[in-house]
1. Have a look at Ala203, Ala301, Ala39 and tell me which one the Gaussian network model of the chain (Cα, springs below 10 Å) gives the largest fluctuation.
2. Under 1.5 on a/c is rounded, so check that first for the stretch 52-153, then, if it is not, pick prolate when a/b is larger than b/c and oblate when it is not; a ≥ b ≥ c are the square roots of the alpha carbon gyration tensor eigenvalues.
3. Would you please classify the overall shape of the stretch 189-317 from the alpha carbon gyration tensor, given that a ≥ b ≥ c denote the square roots of the eigenvalues, rounded means a/c under 1.5, and beyond that prolate means a/b larger than b/c while oblate covers the rest?
4. Given Lys57/Lys78; Lys136/Lys161; Lys35/Lys302; Lys206/Lys315, which pairs have Cα atoms separated by over 26 Å?
5. I'd like the carbon and sulfur percentage of the solvent accessible area for the chain, probe radius 1.4 Å, heavy atoms only, ligands and nucleic acids excluded.
6. Rounded if a/c is under 1.5, else prolate if a/b beats b/c, else oblate: with a ≥ b ≥ c from the C-alpha gyration tensor eigenvalues square-rooted, which is the stretch 148-261?
7. Roughly how many whole Å is it from the C-alpha centroid of the stretch 296-314 to that of the stretch 232-269?
8. Just to confirm the filter: which trypsin sites (Lys or Arg not before Pro) across the stretch 204-256 are DSSP coil and have at most 13 other Cβ within 10 angstrom of their Cβ?
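The values are calculated or read from the model by the stated rules, or taken from the named source; none is laboratory data. In this text, all values refer to a predicted model and were calculated from it rather than measured experimentally. Here the Cβ positions follow ideal geometry from the backbone for every residue, glycine too, while neighbour counts run over all protein chains shown. Just the protein is used for accessible areas: all its heavy atoms, side chains included, with ligands, DNA and RNA removed. Shrake-Rupley method; radii C 1.70, N 1.55, O 1.52, S 1.80 Å.
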Amino acid sequence: MMIKRIGIVGAGAIGCSLGSALYREYGDDFCFVAKGKRAEKLRKSGIIVNGEKIYPKVYSEKNPEDDEDINLLLLCVKNYSLEETLKDIQDLISEKTIILPLLNGVTAVDEVRKAFPQNIVPYGIVMRTDAERINKNVTVSVKGEIQIGFGKGEEITTDLKLIKKSMEKAGISCVIYEDMRYMLWRKWMINIGSNQVSVLTGAQFKYFGRFEEIIILVTEAIQEILEISKKLDIGLSEKDRDDIVRILIHYPPEKKTSMLQDIEAMRKTEIDYFAGTVIKLGKNTGVDTPVNRILYYAIKAKEKVGLAERQSKRKTL
């Protein structure tokens, strides 16, 4: 199989960062996949990355005269948009399309595989990017690294080197891991420790290593994931926990987590797929999750207050 046509669903910070690189390399063989108002907006306004406006192709419906399918589709949406996204792409891809979810959390791959049982769906995450969206402009100086693979013991159903080659052709680093489910859970551990605690405390990363109380919160929140992962044989260890604490202490100091940015902008967050999922998995495995339970309700309350305030401001305009 050859990867010629690549699509992205989702024009947020990650989608635009990757999309701009793919567009420069692949031209019209790259597209954003969208329907309805999202498609209209992309066609009309394009995307802005590092101050440059570009207009990649937008794919909304199959052309009977076009016998070339999308070979690789990257899902760069928020978890709460995934269900709608899977419905939107049903008639836009073929069974031969490789679908690569690049979402936070640990539930997306299972959802995509359930919706598209005939398609190849590897695990994937984006690491070490500084992509950030402020208003309509996405700024990025480090595109980061896409990590891909299958879970330990899973059948390898495609040549992952083809995906790696297609990304690196566009200047996007891509690494293949033998146990990608473990890597996904490890990133989830980072998300749980950094995003949630930053929202509760309002802290940029420069404060993570300065105040002991923040590190205690981070450590206890990710300890609950470690206990769950042992029940599910994911492979995480105390070393992973300690490594992640060190990573967060030494993260670029002026950076804010994406969830803190969402709260400050009064947007919906992915809390249901962070602490919410920890709580559910804890119940399923018999692991108590009191720290994530408190984090969930505190942040969910902040989210609802912010959304209500945003709606109130719109009504007064």
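1. Top of the fluctuation ranking is Ala301.
2. Oblate, since a/c reaches 1.5 and b/c is not below a/b.
3. It is oblate, given that a/c is not under 1.5 and a/b is not larger than b/c.
4. Going by Cα-Cα distance, Lys136/Lys161; Lys35/Lys302; Lys206/Lys315 fall outside the 26 Å limit.
5. Solvent-exposed carbon and sulfur of the chain make up 50 percent of the total.
6. The shape class here is oblate.
7. So the two Cα centres are separated by 22 Å.
8. Arg210
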